[in-house]
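Enquirer: I'd like to ask some things about the structure below.
The values are calculated or read from the model by the stated rules, or taken from the named source; none is laboratory data. As the structure is a computational prediction, the values presented were derived from the model and not from experiment. All Cβ positions, even for glycine, are placed from backbone atoms using ideal geometry, and neighbour counts span all protein chains on display. These area figures cover heavy atoms from the full protein model, side chains too; ligands, DNA and RNA do not enter into them. Shrake-Rupley method; radii C 1.70, N 1.55, O 1.52, S 1.80 Å.
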Amino acid sequence: MKYLVVIEKGRRSWSAHVPDLPGCIAVAKTRGEVVKLIKEAIEFHIEGMREAGAKVPLPHSEGKIVDVSAA
């Protein structure tokens, strides 16, 4: 499965979250590290949901970068 991951650069770190999996997040010093950690977090999150007998939500979120004129 492929889930949308939102990656954000903060002042001192990078963060990532998965809109379709509430609570599934990662934080790291570098972008590369946060990508690695969020992949592991998704797998761990889904595994935990399955073990708990919860239904794993199918991916449905999409992303799009939109160009806009600065005001």
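This table checks each residue for (1) touching a Phe, Trp or Tyr at 6+ places or on another chain (Cβ under 6 Å); (2) more than 23 Å from E62 (Cβ to Cβ); (3) part of a helix (DSSP H, G or I); (4) open to solvent by 30 Å² or more (accessible area, probe 1.4 Å).
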| residue | (1), (2), (3), (4) |
| --- | --- |
| E8 | no, no, no, yes |
| R12 | no, yes, no, yes |
| S15 | no, no, no, yes |
| P22 | no, no, no, yes |
| A26 | no, no, no, no |
| L37 | no, no, yes, yes |
| F44 | no, yes, yes, yes |
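Enquirer: With out of contact with any Leu (no Cβ under 9 Å at 6 or more places or on another chain), touching a residue at least 12 places away in the same chain (Cβ under 8 Å), in a loop (DSSP other than H, G, I, E, B) and open to solvent by less than 60 Å² (accessible area, probe 1.4 Å) as the only criterion, which of L4, L58 stands out? Quick ask: steps written out before the conclusion?
Expert: Numbers: L58 fails: open to solvent by less than 60 Å² (accessible area, probe 1.4 Å).
Within the list L4, L58, the selection yields L4.
Enquirer: While we're on this one: List, please: which pairs have Cβ atoms under 7 Å, are six or more places apart or on different chains, and start with a residue in the stretch 16-39 that is in contact (Cβ under 8 Å) with a residue 40 or more places away in the chain and end with one that is open to solvent by 60 Å² or more (accessible area, probe 1.4 Å)?
Expert: D20/H60
Enquirer: Would you check which residues across the stretch 29-56 are over 14 Å from the mean Cα position of the chain (by Cα) and under 13 Å from V18 (Cβ atoms) and list them?
Expert: Answer for the stretch 29-56, where residues must be over 14 Å from the mean Cα position of the chain (by Cα) and under 13 Å from V18 (Cβ atoms): M49, V56.
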